[in-house]
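The values are calculated or read from the model by the stated rules, or taken from the named source; none is laboratory data. The model shown is predicted, which means the values in this text are computed figures rather than measured ones. Cβ: placed from backbone, ideal geometry, glycine included. Neighbour counts: every protein chain shown. For accessibility, only protein heavy atoms count, side chains too; no ligands or nucleic acids. Shrake-Rupley method; radii C 1.70, N 1.55, O 1.52, S 1.80 Å.
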Amino acid sequence: MTATMDKSLERLRERAAAEGLLDVAYATADSPFGTLLLARTPQGLVRLGLPSEDVEATLADLASRISPRLLEAPAQLDEERRELEDYFEGRRQEFDLAIDWQLSHGFLLRARRGIAAIPYGETRTYTDLARQAGNERAVRAAGSACSRNPIPLVVPCHRVVRSDGTPGLYAGGVEMKKRLLAMESQDE
């Protein structure tokens with residue numbers, strides 16, 4: 001693509017956003033684990049797809065659940081990409097991003113807000129998460145809040161572990177979860 005075409009496409013994206021024709025902007029970001037998919041609405045980050053997730057299926061899901069007015073607009077996700085890069089480089093321990101929680105409701109929303117509050121370098125158990133979300137017997141539902149978390153890393157479900165301290169499962173794979181926990185424990 002030529003520089004002129006790039007500028008024209010960027011102007012088109014900016015115009016669509018300014019005129020309210022864009023409901024979901026998306027872009028990719030590199031990570032030590034592979035390519036991430038980031039999506040945001042005017043309210044904030046709504047989806048972060050891990051490298052193990054199918055990009056086309058994720059975009060189709062966003063189009064059906066939020067809006068078909070979806071456009072690749074990397075400039076609109078510059079801050080999200082910058083903060084993730086800082087996180088992976090060990091320069092950031094907290095994300096300062098607006099989050100759009102519209103893909104979470106009820107118990108799942110309460111649980112995910114609890115996950116978002118887990119400090120860097122610390123962990124909580126699924127039981128702790130269920131209790132914090134209002135139903136200490138809902139341990140499996142707490143696991144679902146993690147496994148179907150639409151914004152992993154920023155809503156750090158990798159910090160939720162089993163009661164015996166073992167990592168448990170992770171949408172990005174157990175090895176990714178172990179590496180994230182190890183990375184965070186070294187920066188204390």
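Observations on the model:
- If only the Cβ of Lys and Arg carry +1 and only the Cβ of Asp and Glu carry -1, the dipole of the range 65-188 around its Cα centre is close to 800 debye.
- Between amide H atoms placed 1.01 Å from N, distances below 5 Å from Glu72 occur with Tyr26, all of them 5 or more places distant or on a separate chain.
- Peptide ranges 151-163, 133-145, 96-108 listed from the most packed, as the mean C-beta count within 10 angstrom indicates: 151-163, 133-145, 96-108
- Built amide H within the under 5 Å cut-off of Arg47, gap 5+: Ala39
- For the chain, the carbon plus sulfur part of the accessible surface works out to 48%, probe radius 1.4 Å.
- Dipole magnitude of the range 31-79 about its Cα centre (Cβ charges: Lys, Arg +1; Asp, Glu -1), debye to nearest 20: 200
- Evaluating 6.51 cos²θ - 1.76 cosθ + 1.60 at θ = phi - 60° for every residue in the range 114-126, the Karplus couplings come out as x, 4, 4, 8, 6, x, 3, x, 10, 10, 9, 8, 4 Hz, glycine and proline recorded as x.
- The spacing between the range 121-188 and the range 24-92, judged by their C-alpha centroids, is 21 Å.
- Matching label, volume of the Cα convex hull per residue in Å³ computed from the structure shown, candidates (1) 118; (2) 159; (3) 136: (1)
- Summary value for the range 32-155: 25 percent relative contact order, contacts being C-alpha pairs under 8 angstrom separated by 6+ residues.
- In the chain, a dipole from Cβ-located charges (positive for Lys and Arg, negative for Asp and Glu) runs towards its positive end, and of Gly44, Ile66, Ala111 it is Ala111 whose Cα lies farthest in that direction.
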